[in-house]
Every structure is written in C-alpha cells, then in structure tokens.
Amino acid sequence: MRFLLTDEQREFAHSLDGMLSTSGTPAVARAWAAGDHQPGRALWKRIAGAGVFGLAVPERHGGSGLLPVELALAFEELGRHAVPGPLAETMAAAAFLSGLGADAEAGEWLPRIAAGGVALSLCAGAGPYALEADDADPYALDADAADTVLVIRGDMVSRTDTHGPVQSSLDPARRLARPLDGTVLARGPVVAAAAAHAVEVARLLTAAQSLGLGRALLAATVSYVRQRTQFGSPIGSFQAVKHRLADTLIGLEFAQPLVHAAALALAAGAPSAGREVAAAKVAAGEAGYAAARTALQLHGAIGYTEELDLSLWIRKARPLRDAWGTPAACRARVLTG
C-alpha cells in the first residue's frame, strides 16, 4: 500500500499543532487532574472550532462524516500536546450512535458533539467486545467530566449520568469511575455491530494519541541531551545515548504507517480493518511507552519530578498503551482475524 498525506491533510495537522501550542495544555492537564474541568472544556470548544469533533459525526448531524485518516492525524496532535479528557471515547461514542440507528439519541447528542458542547464516555462491558477482565462492571474514563456515559454489555447499551467514586490512575488526568445503572437505549445484533465499530475507532484514535505522545517525548529528550553535560560534553554525544534515541525513533517511525494504514482500512470498511487497527494499536502503544522510558532514563532524576511538565507526558504512556485493548489483547485480535 502506498500512502502519502495530501497537502490539505498536512495543513490541517499543522494548524491544529499551532493552535494547541498556544493553548497552555500543561496547565489544562493539571487542572483536569485536580477535578477542574472548565479549562479543559474551553479547550474542547477551540478544538471543535478547528473541525476535529465533526470528523466522527455524519453530515446530517452537523459533522463531516466519519473520516478516520483525518481523525488519526488530529489525535496524533492531541496526543503530542497531552490534551486531557475522554477524547477517543467521545469520538467512539459518536461512531457508535451513528451506527446504532437510534435517531432520537443521535439527534440529541451528535450535533452537540460536533460543536464541542458535550463530552461522552464509553465503556464496553461483558460480551464479545469486552476489553477487561473485570468486564461485569468496567470503569469509565472521566465519567465525572462527561455529560453522559454509554455502557455496552453484550447486545445491550444503556446510558447513565451517575457513577461511583472517582479514582485516580497512573495518569492523574485519566480519572476513572464505575458507571451505575442507567436507561437502556437498545438491544440486539445492531448493538453488537455498532459496538465492534466503536471499539475499532477508539483503538485507532488511542494509537494515534500514543504516536503523538511518543514523538513529543522524543523531541523533548533530544533537546535535553543536547544541553545536559557530563565530563565536559553533552550527553547526546555519547554512543549509548544515540543508540537509545535511534531505537526510540525507529519504533515511532515503524508505527506511523501502521496507524495510517489502519485508518485507511477503517475508512474503506475493509474486512481486515479490525486486525489492522489492532496491529497499529500494538505498535503505537509500545512505541509511545518506549519513548516514555527513554525520556525518563535520559532525563535522570529530574524525570521523576511532578513539577516538570514532562511528567504529564510520561505518565500518559502506559495508560494509553493499555486503553481499549492491552498489547496482548490486540495481538490476539491480529492472530485470530
């Protein structure tokens, strides 16, 4: 497969990068971790203004239709800038509602998603699309910040606005809670089919976030090793450091075409889309996590400090790697077809 980004796609990613660079995302992420969602929701409105959330919403509901390639590019930038919130979950929920055929629910939520006015969380429970061992009562990401939570259990989907106590995770900006019983929206095979598609969207966008996160960590580490000196020389001149950085770059470069290919397969509705998305999730998740380990090691003791903004990126790597399917689960998806 040959794949090159168009000039329009490159400009879209570049403009989004420029907007996020001036948005003070470290302060937004710290506020989100502390339970203050106002700066994050304000940033969501700016992101929506750039057209990002409309990329998963059908045109009849005010969006651009599901455009996986553009979504992957956007989420790479969101990962690069460590934007907090249930981003992938909201887009997956939009894809789920679009495929569910529930016109009342779609008409209520999809236009608001496209406009950046709401955030949704989504979790898959028991059934063929369950993602965690504790699938009888899974956690929802940022349920306290979301306007509603969609819970999929087997061939049933429900909507709830209530949840249990909020718990922290390895990434303080990823707040978890157990959704409580809510209103059943639909049952049957259509739910299972829409859920399968939503999981693929969530995996693709989480993979893209991991890729962007890894690139940001690598760039920060390269900049740091050029400045830090030992024995009178920048540590970036040491062969062992060069090798570590090269390995990190190779992992990220290897993952990027897999993410783009998975987005193309999903856009085309290819039968292999599920496997390709799972492969991209493994490669990007592992590459992002490797970049975090490299950053932590080469920054030395300063890399452990929460005061350093770098910690906001480092602590996201492992949760993103494991979200919406651990590497083991995604490898099994690749093998089983």
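Observations on the model:
- Per-residue Cβ neighbour counts within 10 Å put His243, His61 in the sequence His243, His61, beginning with the fewest.
- Relative to the longest principal axis of the Cα atoms of the chain, helix 87-100 runs at roughly 30 degrees.
- Against the compact-protein benchmark of 2.2 N^0.38 Å, the Cα-based radius of gyration of region 136-175 scales to 1.22.
- Charge dipole of the chain (Cα centre as origin; +1 on each Lys and Arg Cβ, -1 on each Asp and Glu Cβ, all else neutral): 880 debye, rounded to the nearest 20.
- For Thr183, neighbours were defined as the other residues whose beta-carbon sits under 15 Å from its Cβ, and their charges (Lys and Arg +1, Asp and Glu -1) total -2.
- C-alpha center-to-center spacing [region 249-263, region 274-315] in angstrom: 15
- DSSP assigns beta bridges within the chain; of those with both partners inside it, close to 75 percent run antiparallel.
- Ranking of Asp147, Asp322 by count of other Cβ atoms within 10 Å, fewest first: Asp147, Asp322
- Residue by residue, region 51-64 carries 3J(HN,Hα) couplings of x, 5, 5, x, 6, 10, 10, x, 4, 5, 10, x, x, 10 Hz when phi is fed to the Karplus relation 6.51 cos²θ - 1.76 cosθ + 1.60 (θ = phi - 60°); x denotes Gly or Pro.
- Between helix 239-268 and the chain there is an angle of about 20 degrees, using the helix long axis and the longest principal axis of the Cα atoms.
- Average projection, convex hull of the Cα set of region 194-336: 9.0 square nanometres.
- Net +/- balance of residues flanking Gly325 in space, Cβ distance below 9 Å, scoring K and R +1, D and E -1: +2
- Max mean-square fluctuation residue, GNM over the chain, Cα-Cα springs under 10 Å, options Ala219, Ala284, Ala145: Ala219
- Candidates Leu43, Leu176, Leu308: whichever shows maximal mean-square fluctuation once the chain is modelled as a Gaussian network with Cα springs under 10 Å: Leu308
We did not get these values from a lab; they are worked out from the coordinates using the rules stated. Quantities reported herein were computed from a predicted structural model and do not represent experimental measurements. With ideal geometry, Cβ positions are generated from the backbone for all residues, glycine too; neighbour counts draw on all protein chains shown.
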